[in-house]
Amino acid sequence: MTSYRRSLALAALPFLSWSATAQTVSVNAGANQQLPAGHAMTWLHGQLLNPSPVDFWMADGDGANEDKLLKWNDVTGLTAVGPLKNAGGQLYGWPSDLERVQGIVYGLETFHRRLYTLDDQTGLCTDAGPALNYTRLFGMSYDAAANKLYAVDQKTRKLLEIDRSNALPLVVTTLPAAHSDIRGLAFCAADSKLYYCDNATETLQRIDPVTKVIEHVLDLNDGPNAIVDEIEFWEGELFCSYRSYDAQTNVWSAQLARIDLEEEIAIPYGPVINDVSAHSFVLRSLPEIPRWVQVGGPPNATIARPWQLDTPVSFTRPGRYVFELRAQLFHKVKATDTMVVVVTQLPLGGNSGPKSAQ
């Protein structure tokens, strides 16, 4: 097993959230500008309109929301659906994971050992086949390119491929004995590997399902009263349900977070959801963020704060400069708009111009 020893800092950062409507995200780069002679700096003023909301599901709820699917959306707030149960009324109260597959949400019910499809409007669970012969199914992930659904049995440490047509499992491999509390599983399309989080060692690992080679990715260091409970790759980034326990109130809570594999920090999104055991989650949307880039004109215009809507920009030569404001979701550009700044004449003694936003 190859090891790359790194450690994740689970940062207590302000959560990222925007109010939003159902409209499509757009940007406004503002009016064109022509600078007076002797000015070599101005401000760019943009607008980010109708960004997507933070929208995710977690399951299952505790307390008043026991056995229910909890939906968070910045616009509608928290909605509880269920309780989760089959058509015969049997509770499916241990949903160890939920996974989207070709528009259908599949779930794992650990106590009853079932793979099922979920109606997220009613909480109805429909079995995909007979009970599986594994008693601690935790974590599920889908490889869309290969059309394969994977799961992990925590007790036997078996990595499984499950046939969705009949719920029959095929053993891929057995994971290391030290990884005795595997909680989450996520397939990464970028490297065709399965990532999994193990609470026993508080580590994030990854495995090539073809070669069976396992690599240590980083240490989670989530502590005795916290768990990285489930993970999912979304738009090429790794997200988790980060669950924590308050011993004084005896309440579990959870928060959606992005695990930045390069910076080794966890960035919270949305609010802390109280009274939830977030064994599973489904991420549906996140807000876009603005970014300014120069797309035309002489080189080397300096955009001071390209990730802010209002930012100074300075110039080293006269010319016609074109700037594009983008609405980005990580590396994907969702909307653009451009504006032009014409620099007529530079000052003889260096940059001058407005010192604050106009």
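What follows is calculated from the coordinates using simple rules that are stated; it is not laboratory data. Note that the structure is a prediction, hence the values are computed from the model and not measured. Cβ: placed from backbone, ideal geometry, glycine included. Neighbour counts: every protein chain shown.
Extension gain, residue 144 to residue 171, is 7.8 nm, computed as 0.36 nm per intervening residue step minus the present C-alpha separation. When +1 charges are put on Lys and Arg Cβ atoms and -1 charges on Asp and Glu Cβ atoms, the dipole computed for segment 202-358 relative to its Cα centre reaches about 1100 debye.
Label-to-label distance for residue 305 and residue 105 is 3.8 nm, based on points extended 7 Å past Cα in the beta-carbon direction. Take every Cα pair under 8 Å whose residues are at least 6 apart in sequence, average their separation, divide by the length of segment 78-147, and the relative contact order is 30 percent. Arranged from fewest to most other beta-carbon atoms within 10 Å of their beta carbon, 331, 216, 39 become 331, 216, 39. When both bridge partners sit in segment 55-285, DSSP labels roughly 100% of those beta bridges antiparallel.
Here the chain is scanned for trypsin sites (Lys or Arg not before Pro) in DSSP loops (not H, G, I, E, B) that have at most 10 other Cβ atoms within 10 Å, and the longest stretch holding none of them is 6-354.
Legend: residue pairs 68/158; 85/212; 68/148, Cα-Cα distance threshold 30 Å; pairs beyond threshold, 85/212. In this structure, residue 156 and residue 342 have a Cβ-Cβ separation that, at R0 = 56 Å, corresponds to a calculated FRET efficiency of about 0.20. Divide the volume of the convex hull around the Cα atoms of the chain by the residue count and you get 164 Å³ per residue. Each Lys or Arg adds one and each Asp or Glu subtracts one; over the other residues with Cβ under 12 Å from the Cβ of residue 129, this totals +1. Once the other residues with Cβ under 15 Å from the Cβ of residue 95 are scored (Lys, Arg +1; Asp, Glu -1), what is the net sum? It works out to a net charge of -4. Among 249, 174, 76, the residue with the largest mean-square fluctuation in a Gaussian network model of the chain, with springs joining Cα atoms closer than 10 Å, is 249. If you take the charge dipole of the chain about its Cα centre, with +1 on Lys and Arg Cβ and -1 on Asp and Glu Cβ, which of 295, 276, 80 is farthest toward its positive end? Of the options given, the answer is 295.
Determine the relative contact order of segment 55-285: mean sequence separation of Cα pairs under 8 Å and six or more apart, normalised by residue count, in whole percent. Relative contact order for segment 55-285 comes out at 16 percent. Residue 62 sits among other residues whose Cβ lies under 10 Å from its own Cβ, and their net charge, with Lys and Arg +1 and Asp and Glu -1, is -3. For the chain, modelled as a GNM whose springs connect Cα atoms under 10 angstrom apart, the maximal fluctuation among 290, 306, 347 occurs at 347.
Stretching residue 274 away from residue 32 to a fully extended chain increases their span by 82.3 nm, per 0.36 nm per residue minus the current alpha-carbon distance. Overall, the chain carries a charge dipole of about 900 debye about its Cα centre when +1 sits on the Cβ of Lys and Arg and -1 on the Cβ of Asp and Glu, all other atoms neutral. Scanning residues 5 or more positions from residue 184 or on other chains, those with amide H under 5 Å from its amide H are 197, with H placed 1.01 Å from N in the peptide plane.
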